[in-house]
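Every number in this text was worked out from the coordinates using simple rules, so none of it is lab data. Note that the structure is predicted; figures quoted are calculated from it, not measured. A quick note on method: Cβ atoms are made from the backbone with ideal geometry, for glycine too, and the neighbour counts reach across all protein chains shown.
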Amino acid sequence: MHNKPVFSYLRALTTWDFYIRERCWSARLLTNTQRRDHVTPVLRQLHWLPVQRRVEFKIACMAHQSLTSTAPTYLSADIQLVSEHGRRHLRSSSYRTLAVPRTRTTLGDRSFAVAGPRVRNSLPATIRQITSYGQFRQQLKTQLFRD
């Protein structure tokens, strides 16, 4: 009974490890790179973001879609602008800042309702103000490559 969290952790770790290995294998296959060669330059050549940046990219894109009402309603309901959240008009409302709800647990911090606004608020204001989804994705990917 107590071993269940350990097994689920090992399964998640194995899945994560598999994802990274599969990504490297795919990059080598596409570019015909040898196994002993470093894969990081190959990933940059293919314009593939590192795994952590890719996760941030996906979360920011979903948050953007939630604001433009092109995401499913169960995601859109979790995202609110600061200007819609409070009663007072703040200077930050012109920067399209999202309200980040408070949580008490690490698991709560990982939810889309918290992670979406945190990732999106960490972006430069020029990217947050873009309304076109295509332009947003392009500028976001460029920004994440620079960081």
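Say each of residue 81 and residue 125 gets a label point 7 Å from the Cα, pointing the same way as Cα to Cβ; how far apart are those two points in nm?
Simple spin-label model gives 1.5 nm for this pair.
Taking only C-alpha pairs under 8 Å that are 6+ residues apart, what is the relative contact order of segment 49-147 in percent?
30
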